[in-house]
Amino acid sequence: MEERIPQHVSIIMDGNGRWAKARGRERVFGHMEGVESVRACLEYAVEKGIKYLSLYAFSEENWNRPKDEVMTLMELMMKSMKNEIGRFMKYNIRFVVLGNRARLSDSLNAGIDAMMAETAGNTGTTCVVFLSYSGKWDILQAMKKAAASLSAQEIQSLEIQDFDKYLVTAGIPDPDLLIRTSGEIRISNYLLWQCAYTEFYFTDVLWPDFRKPQFQEALDEYARRDRRYGKVK
Ligand code: IPE
Ligand code: IPE
Ligand code: MG
(Lines give C-alpha, C1' and ligand atoms only; values in the text may rest on other atoms or scores of the structure.)
(Ligands and ions follow the chains in the order given, each with its own letter.)
Protein backbone atom coordinates (compact mmCIF):
# COMPACT_ATOMS: atom_id res chain seq x y z
CA MET A 1 0.00 0.00 0.00
CA GLU A 2 1.25 3.46 -0.80
CA GLU A 3 2.15 5.45 2.30
CA ARG A 4 -0.01 8.50 2.92
CA ILE A 5 2.45 11.26 3.80
CA PRO A 6 1.09 14.33 5.60
CA GLN A 7 2.01 17.66 4.09
CA HIS A 8 2.38 19.35 7.46
CA VAL A 9 3.39 17.62 10.68
CA SER A 10 3.46 19.63 13.88
CA ILE A 11 4.97 18.54 17.18
CA ILE A 12 4.47 19.68 20.76
CA MET A 13 7.87 18.63 22.06
CA ASP A 14 7.21 17.83 25.71
CA GLY A 15 8.89 15.87 28.50
CA ASN A 16 12.48 17.13 28.48
CA GLY A 17 12.42 17.94 32.18
CA ARG A 18 11.03 14.56 33.20
CA TRP A 19 13.54 12.82 30.95
CA ALA A 20 16.40 14.56 32.75
CA LYS A 21 14.88 14.04 36.19
CA ALA A 22 14.60 10.31 35.58
CA ARG A 23 18.37 10.33 35.09
CA GLY A 24 19.07 12.46 38.14
CA ARG A 25 20.18 15.37 35.94
CA GLU A 26 19.26 19.05 35.61
CA ARG A 27 16.37 19.96 33.32
CA VAL A 28 18.75 21.63 30.86
CA PHE A 29 20.25 18.23 30.12
CA GLY A 30 16.83 17.14 28.81
CA HIS A 31 16.52 20.25 26.66
CA MET A 32 19.94 19.57 25.15
CA GLU A 33 19.03 15.99 24.36
CA GLY A 34 15.76 17.30 22.94
CA VAL A 35 17.73 19.22 20.33
CA GLU A 36 19.06 15.87 19.09
CA SER A 37 15.47 14.71 18.63
CA VAL A 38 14.73 17.85 16.62
CA ARG A 39 17.68 17.06 14.36
CA ALA A 40 16.58 13.44 13.91
CA CYS A 41 12.95 14.33 13.18
CA LEU A 42 13.86 17.08 10.75
CA GLU A 43 16.20 14.74 8.93
CA TYR A 44 13.39 12.19 8.74
CA ALA A 45 10.90 14.79 7.51
CA VAL A 46 13.30 15.65 4.69
CA GLU A 47 13.77 11.96 3.90
CA LYS A 48 10.00 11.41 3.82
CA GLY A 49 9.29 14.47 1.71
CA ILE A 50 7.18 16.15 4.41
CA LYS A 51 6.83 19.75 3.23
CA TYR A 52 6.31 21.38 6.63
CA LEU A 53 7.61 20.29 10.01
CA SER A 54 6.58 22.69 12.73
CA LEU A 55 7.78 22.54 16.30
CA TYR A 56 6.39 24.11 19.46
CA ALA A 57 9.61 25.17 21.16
CA PHE A 58 8.48 27.82 23.65
CA SER A 59 5.00 28.99 24.56
CA GLU A 60 3.91 32.41 25.82
CA GLU A 61 3.14 30.60 29.09
CA ASN A 62 6.72 29.29 29.25
CA TRP A 63 7.88 32.85 30.09
CA ASN A 64 6.54 32.06 33.57
CA ARG A 65 9.28 29.48 34.16
CA PRO A 66 12.28 30.33 36.38
CA LYS A 67 14.49 32.99 34.78
CA ASP A 68 17.52 30.75 34.45
CA GLU A 69 15.56 28.05 32.60
CA VAL A 70 14.11 30.66 30.21
CA MET A 71 17.60 32.01 29.59
CA THR A 72 19.00 28.53 29.01
CA LEU A 73 16.28 27.76 26.47
CA MET A 74 16.89 31.02 24.57
CA GLU A 75 20.65 30.38 24.55
CA LEU A 76 20.05 26.85 23.32
CA MET A 77 17.93 28.24 20.49
CA MET A 78 20.71 30.64 19.51
CA LYS A 79 23.40 27.95 19.70
CA SER A 80 21.33 25.43 17.74
CA MET A 81 20.76 27.89 14.91
CA LYS A 82 24.51 28.48 14.62
CA ASN A 83 25.20 24.73 14.68
CA GLU A 84 22.50 23.80 12.18
CA ILE A 85 22.74 26.47 9.48
CA GLY A 86 25.16 24.36 7.42
CA ARG A 87 22.81 21.39 7.51
CA PHE A 88 19.83 23.57 6.60
CA MET A 89 21.65 24.75 3.48
CA LYS A 90 22.89 21.27 2.61
CA TYR A 91 19.41 19.74 2.85
CA ASN A 92 17.60 22.69 1.25
CA ILE A 93 15.57 23.43 4.41
CA ARG A 94 13.82 26.75 4.90
CA PHE A 95 13.78 28.08 8.45
CA VAL A 96 10.90 30.12 9.83
CA VAL A 97 10.25 31.37 13.37
CA LEU A 98 6.72 32.39 14.34
CA GLY A 99 5.46 33.89 17.57
CA ASN A 100 5.51 37.04 19.63
CA ARG A 101 8.95 38.20 18.47
CA ALA A 102 8.67 41.44 20.48
CA ARG A 103 9.39 39.48 23.66
CA LEU A 104 12.67 38.02 22.35
CA SER A 105 16.04 39.70 22.90
CA ASP A 106 17.52 41.86 20.15
CA SER A 107 20.43 39.48 19.68
CA LEU A 108 18.16 36.44 19.34
CA ASN A 109 15.90 38.32 16.92
CA ALA A 110 18.95 39.28 14.85
CA GLY A 111 20.13 35.66 14.78
CA ILE A 112 16.68 34.47 13.72
CA ASP A 113 16.40 37.11 10.99
CA ALA A 114 19.82 36.14 9.63
CA MET A 115 18.99 32.43 9.53
CA MET A 116 15.57 33.07 7.97
CA ALA A 117 17.11 35.31 5.32
CA GLU A 118 19.87 32.83 4.51
CA THR A 119 17.46 29.92 4.09
CA ALA A 120 14.60 31.90 2.49
CA GLY A 121 15.36 30.58 -0.97
CA ASN A 122 15.46 26.91 0.07
CA THR A 123 12.70 24.88 -1.53
CA GLY A 124 12.70 21.55 0.33
CA THR A 125 11.14 21.09 3.75
CA THR A 126 10.13 24.18 5.71
CA CYS A 127 10.99 23.97 9.40
CA VAL A 128 8.77 26.24 11.44
CA VAL A 129 9.74 26.93 15.04
CA PHE A 130 7.04 28.41 17.25
CA LEU A 131 8.76 30.60 19.78
CA SER A 132 6.95 32.73 22.34
CA TYR A 133 3.77 31.57 20.65
CA SER A 134 0.27 30.92 21.83
CA GLY A 135 -2.88 30.20 19.87
CA LYS A 136 -5.02 32.80 21.61
CA TRP A 137 -2.32 35.44 21.12
CA ASP A 138 -2.22 34.57 17.41
CA ILE A 139 -5.99 34.92 16.98
CA LEU A 140 -5.98 38.22 18.86
CA GLN A 141 -3.09 39.71 16.87
CA ALA A 142 -4.82 38.59 13.67
CA MET A 143 -8.00 40.33 14.75
CA LYS A 144 -6.09 43.53 15.51
CA LYS A 145 -4.23 43.40 12.20
CA ALA A 146 -7.45 42.87 10.29
CA ALA A 147 -9.19 45.69 12.14
CA ALA A 148 -6.32 48.07 11.42
CA SER A 149 -6.20 47.39 7.70
CA LEU A 150 -9.86 46.88 6.77
CA SER A 151 -12.94 49.06 6.79
CA ALA A 152 -15.91 48.08 8.95
CA GLN A 153 -17.69 46.91 5.83
CA GLU A 154 -14.74 44.79 4.71
CA ILE A 155 -14.64 43.20 8.16
CA GLN A 156 -18.31 42.30 7.85
CA SER A 157 -17.65 40.44 4.60
CA LEU A 158 -14.50 38.70 5.85
CA GLU A 159 -14.50 34.96 5.07
CA ILE A 160 -12.71 32.26 7.04
CA GLN A 161 -10.04 31.89 4.35
CA ASP A 162 -9.48 35.66 4.44
CA PHE A 163 -8.93 35.58 8.19
CA ASP A 164 -6.23 32.91 7.73
CA LYS A 165 -4.08 35.57 6.11
CA TYR A 166 -3.83 37.59 9.32
CA LEU A 167 -2.59 34.72 11.46
CA VAL A 168 1.19 34.37 11.78
CA THR A 169 0.86 31.08 9.88
CA ALA A 170 -0.40 32.86 6.73
CA GLY A 171 0.60 30.86 3.66
CA ILE A 172 1.34 27.68 5.64
CA PRO A 173 -1.20 24.88 5.27
CA ASP A 174 -2.93 23.75 8.48
CA PRO A 175 -1.25 20.78 10.18
CA ASP A 176 -2.44 17.37 8.97
CA LEU A 177 -0.94 15.65 11.98
CA LEU A 178 -0.22 17.01 15.46
CA ILE A 179 2.03 14.92 17.67
CA ARG A 180 2.41 15.51 21.41
CA THR A 181 4.97 13.60 23.41
CA SER A 182 5.23 12.85 27.15
CA GLY A 183 1.72 11.55 27.83
CA GLU A 184 -0.04 14.90 28.26
CA ILE A 185 -3.39 14.93 26.48
CA ARG A 186 -3.82 18.64 25.83
CA ILE A 187 -2.78 21.25 23.29
CA SER A 188 -1.55 23.89 25.75
CA ASN A 189 -2.69 26.96 23.79
CA TYR A 190 -0.93 25.86 20.60
CA LEU A 191 -2.41 26.20 17.10
CA LEU A 192 -6.07 26.62 18.10
CA TRP A 193 -7.52 27.97 14.85
CA GLN A 194 -5.20 25.99 12.58
CA CYS A 195 -5.87 22.59 14.21
CA ALA A 196 -9.61 22.66 13.43
CA TYR A 197 -9.35 19.41 11.40
CA THR A 198 -5.93 18.14 12.37
CA GLU A 199 -5.39 14.48 13.33
CA PHE A 200 -4.01 14.25 16.90
CA TYR A 201 -1.44 11.70 18.01
CA PHE A 202 -0.46 11.42 21.67
CA THR A 203 2.40 9.27 22.86
CA ASP A 204 3.91 8.59 26.29
CA VAL A 205 7.42 8.74 24.83
CA LEU A 206 9.35 11.71 26.25
CA TRP A 207 10.67 14.17 23.66
CA PRO A 208 14.39 13.30 24.02
CA ASP A 209 13.47 9.66 23.24
CA PHE A 210 11.36 10.57 20.20
CA ARG A 211 13.49 9.70 17.19
CA LYS A 212 12.97 8.24 13.71
CA PRO A 213 11.28 4.94 14.75
CA GLN A 214 8.83 6.81 16.99
CA PHE A 215 8.18 9.35 14.23
CA GLN A 216 7.52 6.52 11.79
CA GLU A 217 5.00 5.01 14.23
CA ALA A 218 3.12 8.30 14.28
CA LEU A 219 3.18 8.44 10.47
CA ASP A 220 1.90 4.86 10.28
CA GLU A 221 -0.96 5.75 12.59
CA TYR A 222 -1.74 8.83 10.48
CA ALA A 223 -1.84 6.70 7.33
CA ARG A 224 -4.54 4.53 8.96
CA ARG A 225 -6.76 7.48 9.89
CA ASP A 226 -9.90 8.14 7.92
CA ARG A 227 -10.28 11.89 7.39
CA ARG A 228 -13.91 12.65 6.67
CA TYR A 229 -14.23 16.41 7.25
CA GLY A 230 -17.83 15.98 8.31
CA LYS A 231 -18.81 14.08 5.18
CA VAL A 232 -20.05 10.52 4.82
CA LYS A 233 -17.71 8.08 3.14
C1 IPE B 1 9.40 20.60 26.80
O2 IPE B 1 9.81 19.93 27.94
C3 IPE B 1 10.24 21.82 26.51
C4 IPE B 1 9.56 23.10 26.72
C5 IPE B 1 8.33 23.27 27.08
C6 IPE B 1 10.36 24.29 26.52
P7 IPE B 1 9.43 20.40 29.39
O8 IPE B 1 10.47 21.36 29.86
O9 IPE B 1 8.04 20.91 29.44
O10 IPE B 1 9.55 19.04 30.19
P11 IPE B 1 8.57 18.49 31.31
O12 IPE B 1 7.19 18.59 30.79
O13 IPE B 1 8.79 19.35 32.51
O14 IPE B 1 9.03 17.09 31.53
C1 IPE C 1 3.98 23.02 25.95
O2 IPE C 1 4.74 22.37 26.91
C3 IPE C 1 4.80 24.01 25.25
C4 IPE C 1 5.94 23.50 24.51
C5 IPE C 1 6.19 22.25 24.26
C6 IPE C 1 6.82 24.49 24.02
P7 IPE C 1 4.54 22.68 28.47
O8 IPE C 1 5.29 21.63 29.18
O9 IPE C 1 4.90 24.07 28.77
O10 IPE C 1 2.97 22.51 28.62
P11 IPE C 1 2.03 22.36 29.89
O12 IPE C 1 2.14 23.60 30.67
O13 IPE C 1 2.49 21.18 30.67
O14 IPE C 1 0.68 22.14 29.31
MG1 MG D 1 6.23 20.08 29.80
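Quick look at the values:
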{"read-out": "Long-range neighbours under 9 Å by Cβ, at least six apart or interchain, first residue within 11 Å of ligand 3 (Cβ to nearest atom) within the stretch 13-25, second part of a loop (DSSP other than H, G, I, E, B) and open to solvent by 100 Å² or more (accessible area, probe 1.4 Å)", "value": "G15/D204; W19/R25"}
{"read-out": "So I155, is it hydrophobic (A, V, I, L, M, F, W, C) and within 28 Å of I5 (Cβ to Cβ)", "value": "no"}
{"read-out": "Residue within the stretch 38-57 that is within 16 Å of ligand 3 (Cβ to nearest atom), open to solvent by 50 Å² or more (accessible area, probe 1.4 Å) and assigned to a helix (DSSP H, G or I) present", "value": "no"}
{"read-out": "Any hit, the stretch 167-177, residues being touching a Cys at 6+ places or on another chain (Cβ under 8 Å) and not polar (S, T, N, Q)", "value": "yes"}
{"read-out": "Criterion: part of a loop (DSSP other than H, G, I, E, B), of a type outside the set (D, E, K, R) and at pLDDT 95 or above - qualifying residue of N92, N83", "value": "N92"}
{"read-out": "Some residue of the stretch 179-194 being out of contact with any Cys (no Cβ under 8 Å at 6 or more places or on another chain), within 16 Å of ligand 3 (Cβ to nearest atom), assigned to a loop (DSSP other than H, G, I, E, B) and open to solvent by 60 Å² or more (accessible area, probe 1.4 Å)", "value": "yes"}
{"read-out": "Top-ranked residue of the stretch 196-210 - restricted to ones that are away from ligand 1 (no atom under 16 Å from the Cβ) and in contact (Cβ under 8 Å) with a residue 24 or more places away in the chain, ranked as most open to solvent (accessible area, probe 1.4 Å)", "value": "Y197"}
{"read-out": "Matching residues in the stretch 46-87 - criterion: being touching a residue at least 12 places away in the same chain (Cβ under 8 Å) and under 14 Å from S105 (Cβ atoms)", "value": "F58, W63, T72, L73, M74, L76, M77, M78, M81"}
{"read-out": "Within the stretch 152-175, considering residues that are in contact with a helix residue (DSSP H, G or I) (Cβ under 7 Å, 6 or more places away or on another chain) and either touching a residue at least 24 places away in the same chain (Cβ under 8 Å) or part of a helix (DSSP H, G or I) (or both), the one farthest from K21 (Cα to Cα)", "value": "I155"}
{"read-out": "Residue list for the stretch 101-144, restricted to those being of a type in the set (S, T, N, Q), surrounded by fewer than 17 Cβ atoms within 10 Å (Cβ to Cβ) and closer than 30 Å to I155 by Cβ", "value": "Q141"}
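Here's the yes/no breakdown for (1) β-branched (V, I, T); (2) farther than 29 Å from A223 by Cα; (3) out of contact with any helix residue (DSSP H, G or I) (no Cβ under 7 Å at 6 or more places or on another chain); (4) away from ligand 1 (no atom under 16 Å from the Cβ):
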{"site": "S37", "(1), (2), (3), (4)": "no, no, no, no"}
{"site": "K51", "(1), (2), (3), (4)": "no, no, yes, yes"}
{"site": "K67", "(1), (2), (3), (4)": "no, yes, yes, no"}
{"site": "L104", "(1), (2), (3), (4)": "no, yes, yes, no"}
{"site": "G121", "(1), (2), (3), (4)": "no, yes, yes, yes"}
{"site": "K136", "(1), (2), (3), (4)": "no, yes, yes, yes"}
{"site": "K145", "(1), (2), (3), (4)": "no, yes, yes, yes"}
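The values are calculated or read from the model by the stated rules, or taken from the named source; none is laboratory data. All values reported here derive from a predicted model rather than from experimental measurement. Note that each Cβ is placed from the backbone with ideal geometry, even for glycine, and that neighbours are counted across all protein chains shown. Note: accessible area is taken over every heavy atom of the protein model, side chains too, but ligands, DNA and RNA are not part of it. Shrake-Rupley method; radii C 1.70, N 1.55, O 1.52, S 1.80 Å.
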